[in-house]
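The values are calculated or read from the model by the stated rules, or taken from the named source; none is laboratory data. Model, not experiment: these values are computed from the prediction. Positions of Cβ are generated from backbone atoms using ideal geometry, with glycine treated the same way; all protein chains shown enter the neighbour counts. All accessible areas refer to the heavy atoms of the entire protein, side chains included, with ligands and DNA or RNA removed. Shrake-Rupley method; radii C 1.70, N 1.55, O 1.52, S 1.80 Å.
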Amino acid sequence: MASPPTRSTVARWRSRFVVDRLDGLLDEPRPGRPRTVSDDQVEAVITTTLESAPRDATHWSTRSLAAELGLTQSAVSRIWRAFGLQPHRQDSWKLSRDPLFVDKVKDVVGLYLNPPERAVVLCVDEKSQIQALDRTAPIFPMMPGTPARASHDYKRAGTSSLYAALDLATGQVIGALHARHRAIEFKKFLVTIDREVPADLEVHLVLDNVSTHKTPAIKRWLAAHPRFQLHFTPTSASWLNLDERWFGELTSKKLRRGTHRSVRELEADIRGWIATWNDNPRPYVWTKTADQILASIARYCTRINDSRH
């Protein structure tokens, strides 16, 4: 927030208005070096950046564009900053082609924002092929001015797969580790959930469209347990599953920099992390409505379409 004007500043502008009326409120010529980059040159920088590429690269740099247009590198850099241009960056995107995309978004988001009474909402997902990795050399600890350092190569000691169910209301997690991630293991996890959730509550599961969730064996089990209701996220829209957010924390806080000499060590570490999480669970709060999400996607599609033309 800008600071309020001083008494002398107000007096100066009032006196200019008294003498020159509205013309007195216009900027006067400022001291300093005169402008050296014209509007045409600014337009050339923007147009060249957006509509072309150098012969030997996929995007312009400040040096290559300055050489192309006869400007200084600092001038190109200032123009890019002023107009928010960052040719060195590239984001990724993917739009779901699920024909039931709208219906599924409304179903899942409606469940998040208005969960049913006498029911528990669980976001279910699996993190498959978690590798037990052991570094080929000891990790050097962090020191003042030097970050912790680990060797770039490692030895693989096997893999494990984690099934997790995140409680929407409490943030607690039900987890189970298996050597594989087939329909058999998913059915075992459903049995675990059935055992953990009180029998008088309905169970609403938010999960993705992987084939192991829809096999005949799973359908028979669900038919025999009518309190379970499945809510599928749209294809290629795993961002709707809050369990993905929890997996992100598990990866960044435990797995990415962890060292495990065996699968047993890895699984013990994961179980310990889940137990610590459940001692002080932190539920994620969904705030966007389905209409807001769909409107945002529509604006993004319009922007993409306009840029192609």
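Within the stretch 88-181, the chymotrypsin sites (Phe, Trp or Tyr not before Pro) that combine a DSSP coil assignment with at most 10 other C-beta atoms in a 10 angstrom radius are TRP93. Only protein heavy atoms count here; under a 1.4 Å probe, HIS204 has an accessible surface of about 10 Å².
Computed from Cα atoms, the angle from the helix 73-82 axis to the main principal axis of the chain rounds to 70 degrees.
I need the shape label for the stretch 1-75. Rule: rounded when a/c is under 1.5, else prolate if a/b > b/c, else oblate, with a, b, c from the alpha carbon gyration tensor. Taking the square roots of the gyration eigenvalues as a ≥ b ≥ c, the stretch 1-75 is prolate. Per residue, how much accessible surface does the stretch 176-244 expose to a 1.4 Å probe? Answer in Å², no decimals. I get 49 Å² per residue for this part. Using a Förster distance of 51 Å, how high is the FRET efficiency between LYS106 and ARG63, based on the Cβ-Cβ distance and rounded to 0.05? Computed FRET efficiency for LYS106 and ARG63 comes out at 0.55.
Highest average first, the peptides 51-60, 127-136 ordered by how many other beta carbon atoms sit within 10 Å of their residues are 127-136, 51-60. When only Cα pairs below 8 angstrom with a gap of at least 6 residues are kept, the chain shows a relative contact order of 19 percent.
Sorted from greatest to least, the principal axis extents spanned by the alpha carbons of the chain come out as 87, 53, 47 Å. Across the protein chains, with a 1.4 Å probe defining accessible surface, the residues ILE297, ILE218 rank ILE297, ILE218 from largest area downward. Which one, GLY158, ILE218, PHE186, is farthest towards the positive end of the dipole of the stretch 138-244 when Lys and Arg carry +1 and Asp and Glu -1 on their Cβ? The one lying farthest along the dipole's positive direction is GLY158. Taking each of LYS127/LYS214; LYS94/LYS288; LYS104/LYS187; LYS127/LYS253; LYS127/LYS188 in turn, the alpha-carbon distance tops 21 angstrom for LYS104/LYS187. Only helices enter the 222 nm calculation for the chain: every DSSP H run of n ≥ 4 contributes -39,500 (n - 2.57), and dividing by all residues gives -13000 deg cm²/dmol, rounded to 500. Largest first, the three principal axis extents of the alpha carbons in the stretch 1-42 are 39, 29, 17 Å in whole numbers.
If you wrap the Cα atoms of the stretch 190-309 in a convex hull and average its projected area over all directions, you get 11.9 nm².
Helix 101-113 versus the longest principal axis of the chain: what is the Cα-based angle in degrees, 0 to 90, to the nearest 10? So the inclination is approximately 80 degrees.
Using heavy atoms of the protein chains and a probe of 1.4 Å, the accessible area assigned to ARG180 is about 130 Å². Per-residue accessible area (protein heavy atoms, 1.4 Å probe) orders THR251, THR287 as THR287, THR251, starting from the largest. The Cα-based radius of gyration and maximum Cα-Cα distance (Dmax) for the stretch 40-198 are 26.1, 73 Å. Over all other residues within a Cβ to Cβ distance under 13 Å of GLY158, the charged ones net out to +2, with Lys and Arg as +1 and Asp and Glu as -1. Between helix 39-51 and the chain there is an angle of about 20 degrees, using the helix long axis and the longest principal axis of the Cα atoms. Once divided by 2.2 N^0.38 Å, the Cα radius of gyration of the stretch 87-138 becomes 1.97. Legend: calculated FRET efficiency, ARG35 to LEU85, from the Cβ-Cβ distance at R0 = 25 Å, rounded to 0.05, equals 0.80. Each residue of the stretch 110-267 gets 146 Å³ once the volume of the Cα convex hull is shared out per residue.
Accessible area per residue for the stretch 45-162, computed on protein heavy atoms with a 1.4 Å probe, is 68 Å². Using a simple spin-label model with pseudo-atoms 7 Å out from Cα toward Cβ, ARG271 and ALA11 lie 7.9 nm apart. How much of the accessible area of the chain, probe 1.4 Å, is carbon plus sulfur, in whole percent? Heavy-atom surface of the chain belonging to carbon and sulfur, 1.4 Å probe: 53 percent.
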